[in-house]
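I have placed the structure first, in the form of structure tokens, so that the comments after it can refer back to it.
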């Protein structure tokens, strides 16, 4: 392994810690794994619930291709969890679910010519706040969160993306969804994932392919 690993007992946010290391002159690929996170962040400025005992990590590197970066990160998480008999699914574009509950969130950010990819996984027995009790889940694993983090980092840094493997793990095909694009809320049924990882949605007004946007499942 040529990348540097930094293991922390606690961090405010592993993505924020990665930014600080870059500002301090860290130039190579590196991975931060924290046992605890006090101010986790999700997409669109949302707070990411971070209970002690989970996996909180960030990988910093300069990928040759960023088109499918967060999709690949979700696929890499699935690849590692499947080694332990779990059956994770990907809710487009990069949330990981098990048994219809979200167990993993991913946040990628650009810092100059590099990217930092944050991954948070709920591990062990988690007690969620009321607003998450019916949405969030957790995983129990025979190895430590740190070991899982090292495996995920290895996949992210060295494996290639396969749209076929992504499709095979996709949660949404066949489900009714509500989605928001450019401030407009619409609804439809997901029929598949195209070769560019776009979400294909059948709507009352025809087929739409989503390249970005917020998606909610109406009913499993």
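The values are calculated or read from the model by the stated rules, or taken from the named source; none is laboratory data. As the structure is a computational prediction, the values presented were derived from the model and not from experiment. Reconstructed Cβ throughout: ideal geometry from the backbone, glycine too, with neighbour counts over all protein chains shown.
The number of residues in region 112-132 that are surrounded by 22 or more Cβ atoms within 10 Å (Cβ to Cβ) and within 30 Å of residue 27 (Cβ to Cβ) comes to 6. Condition first: assigned to a helix (DSSP H, G or I) and under 24 Å from residue 209 (Cβ atoms). Now tell me which residues in region 66-109 satisfy that. Result: 69, 70, 71, 72, 73, 74, 75, 78. As for region 129-148, it holds no residue that is in the same structural domain as residue 98 (by TED's automatic domain parsing), in a helix (DSSP H, G or I), in contact with a strand residue (DSSP E or B) (Cβ under 7 Å, 6 or more places away or on another chain) and over 25 Å from residue 51 (Cα atoms). Scanning region 146-161 for residues that are within 9 Å of residue 80 (Cβ to Cβ) and in contact with a helix residue (DSSP H, G or I) (Cβ under 8 Å, 6 or more places away or on another chain), we see that the one that is surrounded by the most Cβ atoms within 10 Å (Cβ to Cβ) is 152.
Quick one: would you say residue 154 is in contact (Cβ under 8 Å) with a residue 40 or more places away in the chain and under 18 Å from residue 64 (Cα atoms)? Yes, satisfied.
Residue 109 falls short of the stated requirement of being free of Cβ contacts under 8 Å to residues at least 24 places away in the same chain and within 30 Å of residue 30 (Cβ to Cβ). Looking across region 6-42, the residues that are in contact with a helix residue (DSSP H, G or I) (Cβ under 8 Å, 6 or more places away or on another chain) and farther than 21 Å from residue 144 by Cβ come down to 29, 39, 41. The condition of being over 13 Å from the mean Cα position of the chain (by Cα) and under 18 Å from residue 60 (Cα atoms) holds for only one of 159, 140, that being 159.
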